[in-house]
2 protein chains.
Amino acid sequence: MANINEVAKLAGVSVATVSRVLNGQDVVTPKTRLKVEDAIKKLNYEPSMLGRNLRNSESRVLLVLIPSISNPFYFEIIKGIEATALDYNYNILLCETDSNPERENIYFDLVRKKMADGIISMDPAVNIDTLKSLSEKHSIIQCSEYSTEGNIPYVTIDNEDAAYRAVKHLIKLGHQKIALFNSNEKYLYARQRKEGYIKALKEFNLPVKEEYMIYTDQLGFDNGSQATKKIMNLKDRPTAIFAVSDLLAIGALKELNSAGVNVPDEMALIGFDNIDFSNMTHPTLTTIAQPMYQMGTVAASMLINKINGKHVENTVLNHELLIREST
Amino acid sequence: MANINEVAKLAGVSVATVSRVLNGQDVVTPKTRLKVEDAIKKLNYEPSMLGRNLRNSESRVLLVLIPSISNPFYFEIIKGIEATALDYNYNILLCETDSNPERENIYFDLVRKKMADGIISMDPAVNIDTLKSLSEKHSIIQCSEYSTEGNIPYVTIDNEDAAYRAVKHLIKLGHQKIALFNSNEKYLYARQRKEGYIKALKEFNLPVKEEYMIYTDQLGFDNGSQATKKIMNLKDRPTAIFAVSDLLAIGALKELNSAGVNVPDEMALIGFDNIDFSNMTHPTLTTIAQPMYQMGTVAASMLINKINGKHVENTVLNHELLIREST
DNA sequence: GTTGTTTATGTAAAGGATTACATTTTTGTA
DNA sequence: TACAAAAATGTAATCCTTTACATAAACAAC
């Protein structure tokens, strides 16, 4: 395959001129530009990113760390990241960590070895110490889940307020016994959403009952059904569930449907994230919508700015309560 | 950041020796190896992929073309590809084409420009001419959807047989009026699955009715509910639906549930692909499982072999009918 | 027709690794 | 001890661009 030298030779100019044409620099005379463009076409020349990247000490690749590729929560975010990345001539490497430190490390290595110019971390289970030390030499942005340790810039929503509004919505509908399906409190968002839940209950003088708060290992479908079974066995059964993820809520819904419990009449249900499927269930799911796509575009812009040495600020975006059939 | 020269200087050896240590070549004396390793540690040296890749004329990146990242059909395949790629020290660049030729071209450019070493194409809407001409100089594998034009190696399942078996299953359950929810026949798999559908009907002397065959633009949830509405309005309403994708089937299910039609008693339902959600619906969905993960690993191995100049053979994998609550 | 500016083009170094080939060191043997 | 063969290490070219700096060409002004 032809390289820049052959193009230069055929066009009768120097490689510098070819490079200038390639990069659209306007110092080149129209006449020479034409000669070069002809030669490029004749030789079917495509500039090699390998050479260019080495010379420019960049890879134009952004790493996106997610726990699992099949988690619908991340889809729109990723689309947002991708769109922005492409706009700025970057490509994204989607990295599924499985929340497995070993895999995580494979991917971190890519930025150490200059295969990637920066990282957008969306894995709640990320090793924050590694991330911190990596962020000293490399550009990193946290998206959605974050830690304030290490001063790594982040973009997120106000989780506490979102949970607060969801629970308040249930209370306004007359519910007094509201269960919380939360994930492990080692995650910041879990703690924040619990705060919101409690805040709403307290505001309306409702008791905060430990037995109504179910913690699940993961945010999956099965965890949702299991949590529901626990709730259903309580003497004083709640009349509403606020689940911190749609998948949890959909698991609950499946369980409730199977048990013949009518939703929303006998049990109201709110999810979190507004994944596509939350609108495909029967009944459709009331949920909190985060501005996913925007979160992605913002994260990508922040990262690209950081890579270019600009200063970036943390960003908190707005959420929205989508009221549907399940409440 | 340190480079190989500084390591060599500090260790008191030549860059060649450092490189040999880096690449685990055993010609190096244990004593020198130690010196080099010390220097590497002291300088916190990480070899740059940029330099290495340029020298080796490779990027160690595989392109994976999919129409949409949110289509659950691809999840397991991608996981399979990724696992195999990592085993062989490749990374995958997940490319969402949106079945948009312009985007497709951005990604094709990456392999032209040596940012990627090969392509696994899973986009049914891919421009086959471009793919063909690209395959003359670059390594390409088709996964799941394929065209025999251009002799590009592929891995797939026997779609006709899968459809045949699904429909036969319905017939054995006593159904005589079976609808087909198919996608556009410009796609090979659509034609093949229709063949299987017809083959089963004919084998049992059942009529093949045009009005029972609904074609949808996309394989999404909405298309499924719309198709169901059409079916429900027929004078001679079918008693079973075979949908060529789970999303179509889940859309149908939602519509049937809303209309108060009992599944499977009044309407049996079979999907295709065994996506995660097919097991989360109420009732759970009978479906055809393709060996997704394996399809991914096979595709990746084939591509890597092709990149390394080996000959690769087309592969047809086995599928499986999963009988669940909806039939 | 000089001289001085501006503008266009060319030269060569740099970026960071790998490796064929050359050279040096070690080992083995007579 | 001397020499040959084998093993370890070093030198320098190569992969392909970009770009600072040098040079050449074009043009303007006197």
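The values are calculated or read from the model by the stated rules, or taken from the named source; none is laboratory data. Note that the structure is predicted; figures quoted are calculated from it, not measured. Please note: Cβ atoms are built from the backbone with ideal geometry, for glycine as well, and neighbour counts cover all protein chains shown. Each accessible area value is taken on the protein alone, full model and side chains, heavy atoms only, with ligands, DNA and RNA left out. Shrake-Rupley method; radii C 1.70, N 1.55, O 1.52, S 1.80 Å.
Some observations on this one:
- Here is the P(r) of the protein assembly as shown: all C-alpha pair distances, binned every 20 Å from 0, give 17, 44, 31, 8, 0 in whole percents.
- Kirkwood Rh, angstrom, region A:124-166 [1 / mean 1/r, Cα pairs]: 11.4 Å
- Simple rule: put +1 on each Lys or Arg Cβ and -1 on each Asp or Glu Cβ in region A:168-312, find the dipole, and look at A:Gly220, A:Val261, A:Leu303; the Cα lying farthest toward the positive end is A:Leu303.
- Per-selection metrics, region B:159-289 (Cα): Rg and Dmax in Å: 13.0, 35
- Net charge dipole size for region B:4-47 [Lys, Arg +1 and Asp, Glu -1 on Cβ; Debye, nearest 20]: 140 debye
- For region A:14-29 and region A:288-327, distance of Cα centres in Å: 39 Å
- Region A:4-47, accessible surface, carbon-and-sulfur percent (1.4 angstrom probe): 51 percent
- As a calculated quantity, the FRET efficiency between B:Ser68 and B:Glu210 at R0 = 30 Å, using C-beta atoms, amounts to about 0.50.
- Of the residues A:Ser133, A:Gly196, A:Leu170, the one whose Cα sits farthest toward the positive end of the charge dipole of region A:81-197, with +1 on the Cβ of Lys and Arg and -1 on the Cβ of Asp and Glu, is A:Leu170.
- The region of chain B that goes longest without hitting one of the trypsin sites (Lys or Arg not before Pro) in a DSSP loop, each with at most 13 other Cβ atoms within 10 Å, is B:1-185.
- Fraction in percent of alpha-carbon pairs per bin - 10 Å, chain B: 6, 23, 25, 18, 13, 7, 6, 3, 0
- Remark: mean inter-chain Cβ contacts per residue of B:40-52 equal 4, using a 10 Å Cβ-Cβ cutoff to other protein chain atoms.
- Chain B - share of DSSP beta bridges that are antiparallel (%, nearest 5): 10 percent
- Within region B:4-47, the proportion of Cα pairs with more than 15 Å between them is 25 percent.
- Principal-axis tilt of helix A:101-112 within chain A, Cα atoms, nearest 10 degrees: 30 degrees
- Only the Cβ atoms of Lys and Arg (+1) and of Asp and Glu (-1) were treated as charged; on that basis the dipole of chain B about its Cα centre amounts to roughly 860 debye.
- Magnitude of the charge dipole for region A:159-289, about its Cα centre and with charges confined to Cβ atoms of Lys, Arg (+1) and Asp, Glu (-1), is about 360 debye.
- Against the rule of thumb 2.2 N^0.38 Å, how large the Cα Rg of region B:116-225 comes out: 1.27
- Applying the criteria of a DSSP loop state and at most 13 other Cβ atoms within 10 Å to the chymotrypsin sites (Phe, Trp or Tyr not before Pro) of region B:164-253 yields B:Phe204.
- Taking amide H as placed 1.01 Å from N in the peptide plane, the amide H of B:Ile241 sits under 5 Å from that of B:Ala179, B:Ala268, B:Leu269, B:Ile270, each at least 5 places away or on another chain.
- Residues with amide H under 5 Å from that of A:Gln142, placed H, sequence gap 5 or more: A:Ser121, A:Tyr154, A:Val155
- Shape parameters for region A:1-139, alpha-carbon atoms, Rg then Dmax in Å: 20.0, 58
- Here the Karplus curve 6.51 cos²θ - 1.76 cosθ + 1.60, taken at θ = phi - 60°, turns the phi angles of region B:314-324 into couplings of 4, 10, 10, 9, 8, 10, 8, 8, 9, 8, 10 Hz, with x standing for Gly and Pro.
- For chain A, calculated [θ]222 nm from helices alone, where every DSSP H run of n ≥ 4 adds -39500 (n - 2.57): -13500 deg cm²/dmol
- Of the GluC sites (Glu not before Pro) found in region A:188-268, those that fall in a DSSP loop while having at most 15 other beta-carbon atoms within 10 Å are A:Glu266.
- Of all lysines in the structure, those lying under 22 Å Cα to Cα from B:Lys310, and not within fewer than 8 positions of it along the same chain, are B:Lys114, B:Lys132, B:Lys137.
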